[in-house]
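Structure record follows, encoded as structure tokens.
The values are calculated or read from the model by the stated rules, or taken from the named source; none is laboratory data. A quick note: this is a predicted structure, and the numbers were derived from the prediction, not measured. FYI the Cβ positions are ideal-geometry reconstructions off the backbone, even for glycines, and counts take in every protein chain you see. Ligands, DNA and RNA are excluded from the accessible area calculation, which covers all protein heavy atoms including side chains. Shrake-Rupley method; radii C 1.70, N 1.55, O 1.52, S 1.80 Å.
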Amino acid sequence: MAERVRAGHASAQLRVGGVLVGLFVLLGLFGPLIAPYDPAGQDLFATMEPPSAAHWFGADQVGRDILSRIVVGTRTTLAIALAAVTMAVSCGVALGAIAGRFAGMVDRVVTGFVDLMLTIPGLVLAVAIASAVGASATGLTFAITVSFVPPVARLVRGRVMELRGEDFVVAADAVGMRASRVMVRHILPNAVSVIVIEASLLAGQAVLVGSALGFLGLGVQPPAPEWGAMLASARESIEIAPHLVLAPGIAISLLVLAFNLLGDGLRDYFDPNTITS
């Protein structure tokens, strides 16, 4: 009974997270088409106007519609987060697979590099890289990618080391199958669940890191609508116009929650101890 309750909870998390992520993806794809106003259009008569029938989320310091900027900015936030996670997972899987599959000097070099990178907090590393590369969407994506590669590599290395001792891998090695073929056909397919779960959880972290760097002025530059930059521009007016902070803050929280629910649901779904029937 307890197992079925846990499985139902995991299924609910997976459904809710999947629906929320899907809604944000649709918003990112079609946002410019459904935004009620031009996100860069200024109406000085609506400067810092609170939420109203004309502007559901209010207007900012130069009269731009906040709802339109949130909707259009979804594409930027999602594109940066997903691109960074995709590249980080690709690089991390490659490094982790090489380190886990080959013992000796190769493993020591790769593991030493990964451990060295892990000694630096991810956000600090991202800030340093973004500062060196320059404030732009490309620099922000690169900074997040580099800071996410080490944890993915360590996770994949551990999983590969577990799998290389399994009978089907030992048998493939015994018949002389090439190491690359064993990795592609036998090891990585059995590590997919771990990789997918880690990628979904990292996507939420990427949204947070990207927004944090945008808040610090190291991300997409104004007047392009980006949630972190919107928070930064609103911080001086928070006492007289709190709606300027609430809208992008809630958007960031909802997107991070969506990815976390999806990741937790996937983790419980792939958990062999979870009984779904």
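So here's what we get for this one:
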quantity	calculated
Given (1) part of a loop (DSSP other than H, G, I, E, B); (2) in contact with a helix residue (DSSP H, G or I) (Cβ under 8 Å, 6 or more places away or on another chain), number of the condition GLY176 does not satisfy	(2)
Residue in segment 113-164 that is nearest to GLY219 (Cα to Cα), counting only those that are part of a loop (DSSP other than H, G, I, E, B) and not small (Gly, Ala, Ser)	PRO121
Any hit, segment 132-144, residues being over 25 Å from ALA224 (Cβ atoms) and of a type outside the set (S, T, N, Q)	no
Every residue from segment 219-254 that is of a type in the set (Asp, Glu) and either in contact with a helix residue (DSSP H, G or I) (Cβ under 6 Å, 6 or more places away or on another chain) or on the phi > 0 side of the Ramachandran plot (or both)	GLU226
Top-ranked residue of segment 212-223 - restricted to ones that are touching a Ser or Thr at 6+ places or on another chain (Cβ under 9 Å) and open to solvent by less than 40 Å² (accessible area, probe 1.4 Å), ranked as nearest to ASP38 (Cα to Cα)	VAL220
Set THR86, THR74: member being under 26 Å from PHE148 (Cβ atoms), open to solvent by less than 10 Å² (accessible area, probe 1.4 Å) and of a type in the set (Ser, Thr, Tyr)	THR74
Residue that is nearest to GLY265 (Cα to Cα) [pool: residues in segment 9-62 that are open to solvent by less than 50 Å² (accessible area, probe 1.4 Å) and among the hydroxyl-bearing types (Ser, Thr, Tyr)]	SER11
Residue within segment 129-136 that is open to solvent by less than 70 Å² (accessible area, probe 1.4 Å), under 30 Å from ILE252 (Cβ atoms) and not small (Gly, Ala, Ser) present	yes
Residue in segment 82-99 that is under 15 Å from the mean Cα position of the chain (by Cα), polar (S, T, N, Q) and part of a helix (DSSP H, G or I) present	yes
Candidate set from segment 101-119 (those that are within 24 Å of the chain's Cα centre (by Cα) and open to solvent by 70 Å² or more (accessible area, probe 1.4 Å)); member that is farthest from VAL169 (Cα to Cα)	THR119
Close pairs from segment 211-234: first over 14 Å from ILE66 (Cα atoms), partner among the basic types (Lys, Arg), Cβ under 9 Å, at least 6 apart	PHE215/ARG235
